[in-house]
Amino acid sequence: MHKAKITIALAALTGIGLTLAAAPAFAQAAPATQPAHYSVTTTLVGKLLDDPAAAAVLKQFIPTVYGNDQFQSAGRALTLKDIQQYEPEALSDENLVKIQAALDKLPVKG
């Protein structure tokens with residue numbers, strides 16, 4: 001009986017694996033659309049730092065955060081909105097609105 005349960009579990013996992021293996025091929029078929037502008041809520045800091053114009057906006061509005069080594073390294077995988085909890089004064093809602101307004105003037109670099 002135990003062997004039967006394992007066989008059923010493996011069969012179920014194999015089916016899931018086949019389904020998941022097919023998913024990336026389907027996902028590639030859909031054209032990727034790139035946002036027209038950066039976003040403080042959805043764009044990763046790493047992407048902002050990699051664009052000199054966007055990095056200049058960050059340096060202008062949040063110089064102390066921008067100069068922090070943690071922001072430059074670990075912060076790359078987060079959004080500005082995510083980082084707000086760690087830097088609530090520098091990344092206040094009011095300041096995020098100002099940063100967003102400045103980012104809205106920049107085209108997204110591919």
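For Thr79, nonlocal amide neighbours, meaning residues 5 or more places apart or on other chains whose placed amide H falls under 5 Å from its own, are Val45. Could you tally the net charge around Ala54, taking each other residue with its Cβ under 12 Å from the Cβ of Ala54, Lys/Arg +1 and Asp/Glu -1? Surrounding charge for Ala54 is +1. Neighbour counts of C-beta atoms inside 10 Å place Tyr38, Tyr66, Tyr86 in the sequence Tyr86, Tyr66, Tyr38, starting with the fewest.
The mean sequence distance of close C-alpha pairs (under 8 Å, at least 6 residues apart), as a share of the length of the range 45-103, puts its relative contact order at 39 percent.
Assuming R0 = 22 Å, what is the FRET efficiency of Asp82 and Lys105, from their Cβ-Cβ distance, to the nearest 0.05?
So the FRET efficiency works out to roughly 0.45.
Here the gap between Gln72 and Ala56, fully extended at 0.36 nm per residue and compared with their Cα-Cα distance, gives a gain of 4.4 nm.
Every number in this text was worked out from the coordinates using simple rules, so none of it is lab data. None of the values given here were measured: they were computed from a predicted structure. Methodologically, a virtual Cβ is constructed for each residue, glycine included, from the backbone with ideal geometry; neighbour enumeration extends over all protein chains shown.
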